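The values are calculated or read from the model by the stated rules, or taken from the named source; none is laboratory data. For clarity, every value in this text was computed on a predicted model and none was experimentally measured. Note: ideal-geometry Cβ built from the backbone for every residue, glycine included; neighbour counts use all protein chains shown. Protein only, heavy atoms only, side chains kept; ligands, DNA and RNA dropped before computing areas. Shrake-Rupley method; radii C 1.70, N 1.55, O 1.52, S 1.80 Å.
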Amino acid sequence: MAEHVSLVVNGVPREVDVEPRRLLVQLLREDLDLTGTHIACDTSQCGACTVTLDGKSVKSCTVLAVQADGANVTTIEGMATADGLHPLQAAFWENHGLQCGFCTPGMIMSAADLLARTTDPTDDEIRHAIAGNFCRCTGYQNIVTAIRAAATTVRAGAAG
Amino acid sequence: MTTDMLGKRVKRVEDQRLITGKGRYVDDIKLQSMAHCAILRSPYAHASIRSIDTSAAKAMPGVLDVMVGADIPYNPLPMAWPAGGSAGLKNNVNSPRALATDSVKWTGEGVAAVVAETPEQALDAVEAIAVDWEPLPTVVDAEKATQPGAPQLHENAPSNIVFEWSVGDRDGTAAAIDGAEVVVRQRLVNQRLIPNPMETRGDIGWYNPGTDEYTIWMSSQTPHIQRLLLAAFVMGVPEHKIRCISPDVGGAFGTKIFTYADYPIVLLASKRLGGRPVKWIEGRRESYQATIHGRDHITYLEIAGKRDGEITGLRVKTYANLGGRLSTIGPGIPTTLYARVLSGCYRIPHVFAEVVGVYTNTVFVDAYRGAGRPEATYVVERAMDLFAAEIGMDPAEIRRRNFIAPDKFPYENPSGLGTASGGAKIYIDSGNYEPALDKALAMAGYADRAAAKGEARTRGKYLGVGLSSYIEVCGVAPSKWIGAVGEGWGAAMWESANIKVHLTGKVVVTMGTQPQGQGHETTYAQIVGHELGIPMEDIVVQHSDTQGTPFGYGSYGSRTSSVGSTAAIKAAGKIREKARRYAAHMLEASVDDIEVDGAEYRVKGSPDKKKTFQEIAFALDLAFDAPEGMEPYLDETAYHDTPNCTWPFGTHVAIVEIDEATGKVDLVKYVAVDDVGNKINPMIVDGQLHGGIVQGVGQALWEGAVYGDDGQLLSGSMLDYALPRASWLPNLELDETVTPSPVNPIGVKGVGEAGAIASTAAVANAVNDALKPFGIRHLDMPLTPQTVWKAMQAAKGAQA
């Protein structure tokens, strides 16, 4: 009863046969070995599994793998380029925006969605943008700082 | 490359892998031919098991094995820290088995385990297991569980009592209270919490039939202790035949200290499959039912003193809910780690605490961030505010008036470890509390609070200001206490470090401690780099694998920076001394004439005669020119046991606004002035404080584990349990005072728990302060909109 799914993940075309009940997050982790996307709950509350699907952030535990057929997916593994880290990755590192690191991939993907919409977010906008992502280590403070810093980098890049 | 990074805000070396999705947590590990385990958990909080029929499950697709309690040949899980320690106080101990055999005591206790080819097949088969249950009456409230007529959980625990323990001066405290000018009494509930590290627990067991050895990958804070406990107490397998590996751990906060049933289950399952590795990963709802909870105290508080604000006595009786069976150190938390620091940073001459440990039909309670000390701080800090309100004194002033003065250290508090039976006397060794209070008050604009309250009223808000002055006993610590004083868990508490220097001068540091997000790979590299005068880039820090790291007791109790770091410093000192001796040989000088400056070893008075650390390491590794009696290679191990715990302190100030229409509490400002001594990496220290503070804020305002009277966990998922979100919080404002700890060479104290210890009381005090216009004296946490709104309405009704 396998279903066939064709999708592009981090720029690479992938073909996978899955059980109909398979979730996108399971396809990424189990079938494609992209274990940077994490599972931290079973009620779509925590946001640890956030990826971008056709440019918009989704919790990949709320998407069936078959629903991603034909889609373009970016995971944390696809954020850095040959030129180096994504500005969000660099800013999380620089500003101690992570401790245990388990929420970090999802947090970065949610922040990427925010920065795709605005490169000059207020702290309040940042805090609301990541309200669907739990972090238990940082109290969010340095995550907010990191996202603000990444926005500055992105703006400077656009201006330059 | 800067060589001396000690005390600097250094970016973490761990982060590169974690920000790129290349971390390696247990669930990221795939092994050849790995099978998957799922556990059937009890749907009843209290029931007898008449029979279990696994035949249908065994016939399900992909199922390889099904185990029930009778199939497990091991002992129950160990309970290692009874109340009163080894001193002989009676503890009525019931600890869990890997799988329950005759009865279950909470919803979520494991009764069967399925092993299948895929996780989905294992979960499907779990649902096909038929258990014939005989439900029994339940009790979930610790105080009610001790009353006549309450359902009884265990034959050996009459009235569901695990222990009745007391500490302090019973008669003196009674006299102080009976003769006091003012006595304030209050019942306080410190509600049950679900710790919620973002990574749930999980493990992979692998039995190698070729060597008769067991390996387990586990998300644990204590791989060395787990090997010891599994070997000696659970499985009866020699210790050298078990290897425990903790890869990246996604947060823990205490939950991953303990011995859990799944450890022996996955190891036995692998053995029964002839050596196929078996993985078990805990789901979040499963975690809520099967991993430890924290707090859950009901306390009757009495505080006595004079009208001028001098506190003369403190007496508490606390019912500590320990769950349906005991976790690894459950009884130690509400006794030693709670009542012995109950008087906090205050000079209270008479203190008496009585603690009743109680079984209920709930999951076990054990150490959660702060472990006993947040509960103690909550009691004394609410008590100070209640007493201040009673005599009409400023809460800051009453604290100031009762602080232990800076010239009184070392200070022995009346319920403290100095009064414990046995040999060790542990005192509060240092502190200077008033400067931290003053700084926090200034940052918070405390003097202007009346005007701020008036301004808030114009916006339909009630503003409240809350203080929390705290101390913390951490850096646990001396084996003479934890092992020998008759109150500890009969184990040691030292730490270890090994340093090896390759012939290229690159350094490998292996530690017995175990990080869960604290950045040990960075901070130890900063320390060793400082000690040896080499850049951090030349150092790699390894940990978390019992094969290849020296034995250590793991990371919890804010102990790593004090105890672990000192072991690393001692090991580096041994390396430096051997390098110095060899430098003397190379330079044809006497050892006493070799002076060390960073990585340079030179002859005093002849600055041109010198060797670098790297040159020495190279020559000593090749060893063709080693002098008589000198062993080749730079490889040194050190073990460190501290003379005392460490004693961080500080004052936090919370400012809240309550919406008069909805009762919603907004935390609008938060100021924290902490004294954690010197700092290895101030950036990491700040991060620890942020996270701890927000966990404590979560308890004050939102979090609470709720069981129905039937023992069903009503707050059973992340949908139902209110974890703090980014959008609910302000930016926290941190500052410091610095009183170096005298017990370690770098003067650090530890900071993992401080934030969580202080913040709950600060926020709760602020909310209660805001509600004073309603005549409300005390509300129990969590101070949700519903709780606050109901109280405001009731007060309005009463006033009308």
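Classify the range A:87-159 from the C-alpha gyration tensor, please: rounded if a/c falls under 1.5, else prolate or oblate depending on whether a/b exceeds b/c.
prolate
If you count, for every residue in B:195-203, the Cβ atoms of partner chains within 10 Å of its Cβ, what is the mean?
5
Just from its helices, what would the mean residue ellipticity at 222 nm be for the protein assembly as shown, if runs of 4 or more DSSP H residues each count -39500 (n - 2.57) and the sum is divided by every residue, rounded to the nearest 500 deg cm²/dmol?
Dividing the helical sum by the residues of the protein assembly as shown leaves -8000 deg cm²/dmol.
Where does the range B:263-337 land on Rg(C-alpha)/(2.2 N^0.38 Å)?
In units of the globular-protein estimate, the range B:263-337 measures up at 1.92.
Could you tell me whether the protein assembly as shown comes out rounded, prolate or oblate from its Cα gyration tensor? Rule is a ≥ b ≥ c as square roots of the eigenvalues, rounded for a/c under 1.5, then prolate if a/b exceeds b/c, otherwise oblate.
Values: a/c = 1.26, a/b = 1.07, b/c = 1.18.
It is rounded, given that a/c, with a ≥ b ≥ c, falls under 1.5.
Can you list the residues, at least 5 places off or on another chain, whose amide H is less than 5 Å from the amide H of A:LEU64, using H built in the peptide plane?
Under 5 Å from the amide H of A:LEU64: A:LEU24.
Throw me the Rg/Rh for the range B:557-670, computed over C-alpha atoms with Kirkwood Rh, two decimals.
So for the range B:557-670, dividing Rg by the Kirkwood Rh gives 1.41.
Tell me which residues come under 5 Å, amide H to amide H, from B:LYS669 once H is placed; ignore anything under 5 positions away on its chain.
B:ILE655
Please state the relative contact order of the range A:11-132 as a whole percent: Cα pairs under 8 Å, 6+ residues apart?
It rounds to 26 percent for the range A:11-132.
Using Cα springs under 10 Å in a Gaussian network model of chain A, which residue among A:VAL12, A:VAL25, A:VAL51 shows the largest mean-square fluctuation?
Judging by the Gaussian network model, the answer is A:VAL12.
If you place +1 on the Cβ of every Lys and Arg, -1 on the Cβ of every Asp and Glu, and leave all else neutral, what size is the dipole of the range B:748-800 about its Cα centre, to the nearest 20 Debye?
160 debye
Place +1 on the Cβ of every Lys and Arg and -1 on the Cβ of every Asp and Glu in the protein assembly as shown, take the dipole about the Cα centre, and give the residue among B:MET198, A:ILE76, B:MET781 whose Cα lies farthest towards its positive end.
The listed residue farthest towards the positive side: B:MET781.
Could you compute how much accessible surface B:ILE245 exposes when probed at 1.4 Å, giving the result in Å² to the nearest 10?
Roll a 1.4 Å probe over it and B:ILE245 shows about 20 Å².
With a cut-off of at most 10 other beta carbons within 10 Å, and DSSP calling the residue loop, which GluC sites (Glu not before Pro) in the range B:553-604 qualify? Please list them.
Those satisfying the criteria are B:GLU588.
All other residues with a Cβ under 14 Å from the Cβ of B:CYS244 taken together, and with Lys, Arg as +1 and Asp, Glu as -1, what is their net charge?
After counting each charged neighbour, the total is 0.
So for the range A:87-159, taking the charge dipole from beta-carbon charges (+1 Lys/Arg, -1 Asp/Glu), which of A:PHE102, A:PRO87, A:LEU114 sits furthest toward the positive end?
Checking the options against the dipole of the range A:87-159, the answer is A:PHE102.
Given the pairs B:LYS22/B:LYS500; B:LYS105/B:LYS279; B:LYS461/B:LYS664; B:LYS105/B:LYS144; B:LYS679/B:LYS749; B:LYS241/B:LYS271, which span a C-alpha to C-alpha distance of over 19 angstrom in this model? Please list the in-between numbers first.
On the way: B:LYS22/B:LYS500 27 Å; B:LYS105/B:LYS279 26 Å; B:LYS461/B:LYS664 10 Å; B:LYS105/B:LYS144 16 Å; B:LYS679/B:LYS749 8 Å; B:LYS241/B:LYS271 13 Å.
Too far apart for the 19 Å limit: B:LYS22/B:LYS500; B:LYS105/B:LYS279.
Rounded to the nearest 5, what % of DSSP beta bridges with both residues in the range B:494-640 are antiparallel?
Taking every DSSP beta bridge with both residues in the range B:494-640, the antiparallel ones total about 85 percent.
Take each of the peptides B:519-525, A:85-91, B:552-558, B:772-778, average the number of other beta-carbon atoms within 10 Å over its residues, and list them starting from the highest.
Peptide ranking by packing, descending: B:552-558, B:519-525, A:85-91, B:772-778.
Find the relative contact order for the range A:3-78 and round it to a whole percent, using C-alpha pairs within less than 8 Å whose residues are 6+ positions apart.
Computed over the range A:3-78, the figure is 41 percent.
Assuming a viscosity of 0.692 mPa s and a temperature of 37 °C, what translational diffusion coefficient in µm² per second does Stokes-Einstein assign to the range B:1-129, Rh being the Kirkwood radius over Cα pairs?
Calculated translational D: 176 µm²/s.
Hey, any idea what the orientation-averaged projected area of the convex hull of the range B:494-640's Cα atoms comes to, in nm²? Intermediate results must be reported in sequence, preceding the final value.
Values: hull surface 35.3 nm².
The Cα convex hull of the range B:494-640, projected and averaged over all directions, gives 8.8 nm².
Could you pull out every whole DSSP H run in chain B that spans at least 18 Å of Cα extent along its own axis and averages -0.5 or higher on the Kyte-Doolittle scale?
B:373-391, B:682-701, B:754-770
Taking all protein chains together and a probe of 1.4 Å, list B:LYS749, B:LYS790, B:LYS8, B:LYS317 from the most accessible to the least accessible.
B:LYS790, B:LYS8, B:LYS317, B:LYS749
Quick one: work out the % antiparallel among DSSP beta bridges in the protein assembly as shown, nearest 5.
80 percent
Enter the angle in degrees (range 0 to 90, nearest 10) between the Cα long axis of helix A:141-159 and the first principal axis of the Cα atoms of chain A, meaning the one along which they spread out most.
90 degrees
Restricting to Cα pairs below 8 Å that are 6+ residues apart, what does the relative contact order work out to for chain B? Please round to a whole percent.
Relative contact order comes out at 16 percent.
Determine the shape class of chain B: with a ≥ b ≥ c the square roots of the Cα gyration tensor eigenvalues, call it rounded for a/c under 1.5, and otherwise prolate if a/b is greater than b/c, oblate otherwise.
It is oblate, given that a/c is not under 1.5 and a/b is not larger than b/c.
Let me spell out the model: positive unit charges on the Cβ of Lys and Arg, negative unit charges on the Cβ of Asp and Glu, origin at the Cα centre of chain B. What dipole size does that give, in debye rounded to 20? Please report the intermediate quantities before stating the final value.
Numbers: 76 positive and 93 negative charges, 145 e Å.
It comes to approximately 700 debye.
Of B:VAL541, B:ILE129, B:LEU734, which is farthest towards the positive pole of the protein assembly as shown's charge dipole, taken about the Cα centre with +1 and -1 on the beta-carbons of Lys, Arg and Asp, Glu respectively?
Result: B:LEU734.
In debye, nearest 20, what is the charge dipole magnitude of the range A:87-159 about its Cα centre with +1 on Lys and Arg Cβ and -1 on Asp and Glu Cβ, if you could check?
Charge dipole of the range A:87-159: 100 debye, to the nearest 20.
Taking H as built 1.01 Å from N, whose amide H comes closer than 5 Å to the amide H of B:SER166, not counting residues under 5 places away?
B:VAL355
From the phi angles alone, apply the Karplus equation (6.51, -1.76, 1.60; θ = phi - 60°) to the range B:193-206 and give each ³J(HN,Hα) in whole Hz, x where the residue is Gly or Pro.
10, 10, x, 6, x, 5, 8, 5, 6, x, 7, 10, x, 9
Heavy atoms only, 1.4 Å probe, whole protein assembly: order B:TYR639, B:TYR378 by accessible area, highest first.
Numbers: B:TYR639 125, B:TYR378 5 Å².
Solvent-accessible surface, decreasing: B:TYR639, B:TYR378.
Where does the range A:1-63 land on Rg/Rh, using Cα atoms and the Kirkwood Rh?
0.94
If you take every residue apart from B:LEU31 with its C-beta less than 11 Å away from the C-beta of B:LEU31, what net charge results, scoring Lys and Arg +1 and Asp and Glu -1?
+3
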